[in-house]
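S.K.: The structure that follows is given in the form of structure tokens.
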Amino acid sequence: MATVWRVVESVVALRARIWRSIFHDDSSQTTTQSPTSSNTTPPKPKIQSNTGGLRRLPILKKSSELLYRAQQTTARLEPPTSAKYPNALKRTHKHGAERLTTLIQQLCVPLRDAVKGYRSNLRRLHPFEQVVVDLSARTEENTRGVVMEEVLTEVNEGRKELLEMSKDYIAKLKGCRSARDANDIMLEGEDAIATTFEHLITSPLTALSELQKSLRTTPSVRLECPAVVLVGAPNVGKSSIVRAISSGTPEVNNYPFTTRGMTLGHVEIFWGGEVGGEIVNVQTPHPKQNRPSPKITEEYLLVDRPKKANVNVNVNVNEATPSSSNLGGSGSAYAYSQLCQIMDSPGILLRDVKEQRNAMEALTIASMQHLPTAVMYVLDLSGGAGDKCSSVSDQLLLRRQIRQRFPRRPWIDVVAKVDLGIVAGAEEELREVLISEGKKGDEYIMLSLHEDVGVEELKGDVMQMLGEV
């Protein structure tokens, strides 16, 4: 009964502490600032210059695993010998304090490191990954009512409550006048700590683990590798194109919003030894194949490649990527290679400039805003792009919006699904849009993956555009 009341008191104290930390701490801190400290601003966290920060987030263990390991470590502690502590009461005091201290350390240190690691890494993420975290957190909040900062606070406050409980039991144990009473208090303390841990930590730690799963599966875009992002309305054929020209394997279905996250595919381009940058080979690494980690050489950065170079595309999906020994050097077929990235993104809809986009659309915009990417804008002019918001006129207006927002991005336009036909007057409207931007009216690719129309032209233009990123 005493243990149950102890747990109830801990839960009530935790809730009160979380309430104060969320709603009152900020205001109390600002009112107690000294004149000196009010003039000093805290240093801003250093922002990562590369992506991959989401995969550096601390790996969280299940609460049941943490508790089991802590109890096992505690159980292996040997009591002190009678030679060192002849007095039985002192031996019990010593052993009990060690067990309670070990148990609480095994439970609280991982929790402290997890909360500290999360808050530290989240402040230093690359801007694109910051957007990913914000969108994922917003989704979790809307679907499950999980707010990341509140969950972190709950874990941290639960850890503090456990520490206070262990101190109370150690003090109570040392006040015992018999070895039997001290042993009983030790066992009661271990049971109370374990029960309180399950009540206070299991739920928020599980919620944090679920959020972590979605964050850690976000593709890690390598900023040193050229990338092209496919943009367009829902169900215009972006995912099929990614499958056709790279190692990416996004879901492909005939309904809108199939793509609910970023999918990353790769191609490897092999440049010839002549200055001028002729592309002599292109290979698509197998999705399950371990690819080497190519680096952009100084030669790659300095070579001036013409806008339209001759391209000899040779795609071998199941062929192994050539080893580095085949790249460059005397007698080599290729001067050097470059791994390039093809990004599939969720479809976006035509909206008013002031209208807020949903999480999937915001992810697509963030990929263009924060990553050094070229853009492949995909249109479906057949009149069957999925819903009323993706009509031909809407797609062209959306293209104009996106192009005006990102005017300096390398850009190609692709009219997909031409085997389904084209709405009367749609091609003329597209030509007018291109001419208004100072381009030729025919600067777009007509593509049909089913009939293999325009595929080779698309591959060549994409690879050349990647060389301009």
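S.K.: Considering only segment 396-419, how many residues are closer than 24 Å to GLY460 by Cα, assigned to a helix (DSSP H, G or I) and among the hydrophobic types (A, V, I, L, M, F, W, C)? Outline the logic, then answer.
M.R.: Going through segment 396-419, the residues closer than 24 Å to GLY460 by Cα turn out to be 399, 402-403, 406-419.
Add one more test, that the residue is assigned to a helix (DSSP H, G or I), and what stays is 399, 402-403, 418-419.
Still in the list and also among the hydrophobic types (A, V, I, L, M, F, W, C): 402, 418.
Qualifying residue count for the region: 2.
S.K.: What residue, of VAL433, VAL469, is under 30 Å from GLN338 (Cα atoms) and either in contact with a strand residue (DSSP E or B) (Cβ under 7 Å, 6 or more places away or on another chain) or hydrophobic (A, V, I, L, M, F, W, C) (or both)?
M.R.: Values: VAL433 fails: under 30 Å from GLN338 (Cα atoms).
Among VAL433, VAL469, only VAL469 is under 30 Å from GLN338 (Cα atoms) and either in contact with a strand residue (DSSP E or B) (Cβ under 7 Å, 6 or more places away or on another chain) or hydrophobic (A, V, I, L, M, F, W, C) (or both).
S.K.: Within segment 332-351, can one find any residue that is of a type in the set (A, V, I, L, M), outside any strand (DSSP E or B), modelled with pLDDT of 85 or more and open to solvent by 50 Å² or more (accessible area, probe 1.4 Å)? Break it down into steps so the answer makes sense when it comes.
M.R.: Initial filter on segment 332-351 (of a type in the set (A, V, I, L, M)): 333, 335, 339, 342-343, 348-350.
Now narrow it down to the ones that are outside any strand (DSSP E or B): 333, 335, 348-350.
Okay, now just the ones that are also modelled with pLDDT of 85 or more, so 348-350.
In the following step, the residues that additionally are open to solvent by 50 Å² or more (accessible area, probe 1.4 Å) were identified as 350.
Among the residues of segment 332-351, at least one is of a type in the set (A, V, I, L, M), outside any strand (DSSP E or B), modelled with pLDDT of 85 or more and open to solvent by 50 Å² or more (accessible area, probe 1.4 Å), which makes the answer yes.
S.K.: Shifting gears a bit: Against the conditions (1) open to solvent by less than 20 Å² (accessible area, probe 1.4 Å); (2) out of contact with any Leu (no Cβ under 8 Å at 6 or more places or on another chain); (3) closer than 24 Å to PRO372 by Cα, where does LEU458 fall short? Just the number, please.
M.R.: Of everything listed in (1) open to solvent by less than 20 Å² (accessible area, probe 1.4 Å); (2) out of contact with any Leu (no Cβ under 8 Å at 6 or more places or on another chain); (3) closer than 24 Å to PRO372 by Cα, LEU458 misses just condition (2).
S.K.: Quick one: would you say ALA374 is open to solvent by less than 10 Å² (accessible area, probe 1.4 Å), farther than 18 Å from SER240 by Cβ, among the small types (Gly, Ala, Ser) and in contact with an Asp or Glu (Cβ under 8 Å, 6 or more places away or on another chain)? Walk me through it before giving the result.
M.R.: On the way: open to solvent by less than 10 Å² (accessible area, probe 1.4 Å): yes; farther than 18 Å from SER240 by Cβ: yes; among the small types (Gly, Ala, Ser): yes; in contact with an Asp or Glu (Cβ under 8 Å, 6 or more places away or on another chain): yes.
For ALA374, the condition - open to solvent by less than 10 Å² (accessible area, probe 1.4 Å), farther than 18 Å from SER240 by Cβ, among the small types (Gly, Ala, Ser) and in contact with an Asp or Glu (Cβ under 8 Å, 6 or more places away or on another chain) - is met.
S.K.: Take VAL418 and decide whether it is touching a helix residue (DSSP H, G or I) at 6+ places or on another chain (Cβ under 7 Å), modelled with pLDDT of 90 or more, aliphatic (A, V, I, L, M) and open to solvent by less than 40 Å² (accessible area, probe 1.4 Å). Please lay out each step first, then the result.
M.R.: Working: touching a helix residue (DSSP H, G or I) at 6+ places or on another chain (Cβ under 7 Å): no; modelled with pLDDT of 90 or more: yes; aliphatic (A, V, I, L, M): yes; open to solvent by less than 40 Å² (accessible area, probe 1.4 Å): yes.
Here the answer is no, as VAL418 does not meet what is asked.
S.K.: Taking segment 396-415, which residues are open to solvent by less than 30 Å² (accessible area, probe 1.4 Å) and not β-branched (Val, Ile, Thr)? Outline the logic, then answer.
M.R.: First, the residues of segment 396-415 that are open to solvent by less than 30 Å² (accessible area, probe 1.4 Å): 396, 398-399, 402, 406, 411-415.
If the condition is that a residue be open to solvent by less than 30 Å² (accessible area, probe 1.4 Å) and not β-branched (Val, Ile, Thr), then LEU396, LEU398, ARG399, PHE406, TRP411, ASP413 are the ones that fit.
S.K.: Quick check on segment 426-445: of everything there that is part of a loop (DSSP other than H, G, I, E, B) and open to solvent by less than 30 Å² (accessible area, probe 1.4 Å), which residue is farthest from PRO410 (Cα to Cα)?
M.R.: We begin by selecting, within segment 426-445, every residue part of a loop (DSSP other than H, G, I, E, B); these are 437-444.
Narrowing the set further to residues that are open to solvent by less than 30 Å² (accessible area, probe 1.4 Å) leaves 441, 444.
Values: GLY441: 17, TYR444: 13 Å.
Out of the qualifying residues, it is GLY441.
S.K.: Consider LYS459 carefully, then state whether it is under 32 Å from the mean Cα position of the chain (by Cα), on the phi < 0 side of the Ramachandran plot and outside any strand (DSSP E or B). Can you show your working first?
M.R.: Details: under 32 Å from the mean Cα position of the chain (by Cα): yes; on the phi < 0 side of the Ramachandran plot: yes; outside any strand (DSSP E or B): yes.
The answer is yes for LYS459.
S.K.: Considering only segment 129-166, state which residues are under 20 Å from GLU198 (Cα atoms) and polar (S, T, N, Q).
M.R.: If the condition is that a residue be under 20 Å from GLU198 (Cα atoms) and polar (S, T, N, Q), then THR153, ASN156, SER166 are the ones that fit.
S.K.: Oh, and also: I'd like to know if segment 378-395 contains one or more residues that are open to solvent by less than 30 Å² (accessible area, probe 1.4 Å), in contact with a strand residue (DSSP E or B) (Cβ under 7 Å, 6 or more places away or on another chain) and in a helix (DSSP H, G or I).
M.R.: Within segment 378-395, one or more residues are open to solvent by less than 30 Å² (accessible area, probe 1.4 Å), in contact with a strand residue (DSSP E or B) (Cβ under 7 Å, 6 or more places away or on another chain) and in a helix (DSSP H, G or I).
The values are calculated or read from the model by the stated rules, or taken from the named source; none is laboratory data. As the structure is a computational prediction, the values presented were derived from the model and not from experiment. Quick reminder, even Gly has a Cβ in these numbers, built from the backbone with ideal geometry, and neighbours come from all protein chains shown. With ligands, DNA and RNA removed, areas are computed over all heavy atoms of the protein, side chains included. Shrake-Rupley method; radii C 1.70, N 1.55, O 1.52, S 1.80 Å.
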